[in-house]
Amino acid sequence: MLLLPVPGGGLAQWSPSGPPRPEPPATPPASRITYAAAHVVADALADEPGAVDWDTTLAFREHLWACGLGVAEAMDTAQRGMGLDWATTKDLVTRTGAIAAGRRWCAGVGTDQLPTGPATPASIVDAWREQLDLVGGAGAVPVVMASRALAAAANGPDDYHAAYGKLLSGASGPVLLHWLGEQFDPELAGYWGHDDVRAAARELAALCAEHAGTVAGVKVSVLDAEVETEFRRALPAGVACYTGDDFHYPELIAGDEQGHSEALLGIFDPIAPVAAAALRRLDDGDRAGFHALLDPTVPLAREIFRAPTRHYKTGVVFLAYLNGHQAHFRMLAGTESARTITHLATLLRLADEAGVLADPDLAIARMRPLLQVAGVA
């Protein structure tokens, strides 16, 4: 039993009472393509705030693969632009490629090696190309990430079409595109040349139609299920929609009579065993069983990804710590301090209710010192 701080002030008694965590299937789901965007584990004893514990970081990728999920590497969840620099990103992609052994994985292609300050369209495309070569050479499916540099430099939709068109026309193989909404990164506001999210979706669908031979899919992270569904239906044949909506993923993955979204999700990092078991139910045609397992994880996801959404990585790493995947609750650049102890206590309770805790006794033991530091006896 623990005394946990609760929203609004005060303390409440809590002890685990949620369902046991289901055993994940050992093989990938057949009915959906699924990736878990993986976090990185900081080296808590290093002097450099951006140092990575490589052994533990790679062991977590093995955990995701063992659950039957693909690994999405070097994405937003790995603290791209929030502690993970380009030099370390290169090392991360190379190391993951060395252990992938034919298992499903993709990796982010960004422009974060550019120096600070204004960038030209040519330099942005060159930066993408450099990272595209690295990711493709490592054996991953490339995910072309939204560029802060392009968001700052573009004057309208035509500039996005020109930059992406130049990159995609020279790509040697299929790529995924990533539309990361401003909830996740305020510097990406107005991406695709529009402040209105539906207008932006139409612009991106048109870009996909222009380059349907190269764009294999689009990851959509705008936290609006209706917009994603409309966008999915507007995509040309052969271009898949990957949900990045950590608020509405069960309904988007389940889909409807007109189609479904594949999955590339940050929330799949902390809930991998439950997500994999749910997806196997979907493989078996058991939609009710799929929802029975996955729907209870939504309140947890909504708390992890609540505004300011960019700090969701704190909750992801916190749950990895509670579940024994790493020995400490520290993050690159000290960003574990981005959320409050009340938020973390809420995550513990919701993780229990969702059946996400691997060992409730371990979770309690690991929560106690955090509470003590926060002044909760």
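Suppose each label sits 7 Å from its Cα in the direction of the beta carbon; what would the D286-R306 distance come out to in nanometres?
About 3.3 nm separates the two model spin labels.
For region 21-38, what does the Karplus curve 6.51 cos²θ - 1.76 cosθ + 1.60, with θ = phi - 60°, yield as ³J(HN,Hα) per residue in whole Hz, taken in order and with x for Gly and Pro?
6, x, 6, x, x, 7, 10, x, x, 9, 8, 9, 8, 10, 10, 9, 6, 9
Quick check on the chain: helices-only [θ] at 222 nm, where DSSP H runs of length 4 and up contribute -39,500 (n - 2.57) each and the sum goes over total residues. Nearest 500, please.
-13000 deg cm²/dmol
Work out how much length V6 to T116 would gain on full extension: take 0.36 nm times their residue separation and subtract the Cα-Cα distance, in nm to one decimal.
Gain on stretching V6 to T116: 35.5 nm.
Once amide H atoms are placed 1.01 Å from N in the peptide plane, what residues at a sequence separation of 5 or more from A72, or on another chain, have their amide H within under 5 Å of its amide H?
It is A36, A37, A38, C106, by chain and number.
If you take every residue apart from G193 with its C-beta less than 14 Å away from the C-beta of G193, what net charge results, scoring Lys and Arg +1 and Asp and Glu -1?
Computed value for this residue: -4.
Compute, for the chain, the length of the dipole vector about the Cα centre, with Cβ point charges of +1 (Lys, Arg) and -1 (Asp, Glu) only. Units Debye, rounded to 20.
440 debye
Can you give the accessible area per residue of the chain, in Å², using a 1.4 Å probe?
On a per-residue basis, 39 Å².
I'd like the Karplus ³J(HN,Hα) series for region 302-310: coefficients 6.51, -1.76, 1.60, θ = phi - 60°, whole numbers in Hz, and an x wherever there's a Gly or Pro.
5, 6, 4, 9, 5, 5, x, 4, 4
For a bin width of 10 Å, list the pair-distance distribution of region 259-299 built from all Cα-Cα distances, rounded to whole %.
30, 60, 10
Of all DSSP beta bridges in the chain, what percent run antiparallel (nearest 5)?
Counting DSSP beta bridges with both partners in the chain, the antiparallel share is about 20 percent.
Check cross-link reach from K166 to the aspartates and glutamates: straight Cα distance under 20 Å, and skip same-chain residues fewer than eight apart.
Partners within reach: D112, D126, E130, D133, D158, E203, E210.
Quick one: plug the Kirkwood hydrodynamic radius of region 320-377 (C-alpha pairs) into Stokes-Einstein at 37 °C, 0.692 mPa s, and report D in µm²/s. Show your work: numbers first, answer last.
Details: Rh = 11.9 Å.
Stokes-Einstein gives a translational diffusion coefficient of 275 µm²/s.
Which percent of the accessible heavy-atom area of region 246-377 goes to carbon and sulfur, probe 1.4 angstrom?
Details: 2280 of 4550 Å².
Carbon and sulfur: 50 percent of the exposed surface of region 246-377.
Using 0.36 nm per residue, how much length does the chain from T342 to N155 gain when fully extended, once their Cα-Cα distance is taken away?
63.1 nm
How many nm is it between the label spots at A365 and S123, if each spot is 7 Å from the Cα in line with the beta carbon?
5.2 nm
Using 7 Å Cα-to-Cβ label points, what is the A51/D196 separation (nm, one decimal)?
Going from the A51 label point to the D196 one covers 5.2 nm.
What relative contact order, as a whole-number percentage, does region 147-237 give when Cα pairs under 8 Å and 6 or more residues apart are counted?
Relative contact order, region 147-237: 35 percent.
Report, in whole Å, the centroid distance computed from the Cα atoms of region 201-239 and region 258-320.
22 Å
Would you work out what percent of the accessible area of region 73-230, with all protein chains in place, is carbon or sulfur (probe 1.4 Å)?
Carbon and sulfur atoms account for 51 percent of the accessible area of region 73-230.
The values are calculated or read from the model by the stated rules, or taken from the named source; none is laboratory data. If you're wondering where the values come from, they're calculated on a predicted model, not measured in any experiment. Virtual Cβ from ideal backbone geometry, glycine too; neighbours counted across all protein chains shown. Heads up: the accessible areas ignore ligands, DNA and RNA and are worked out on the full protein's heavy atoms, side chains in. Shrake-Rupley method; radii C 1.70, N 1.55, O 1.52, S 1.80 Å.
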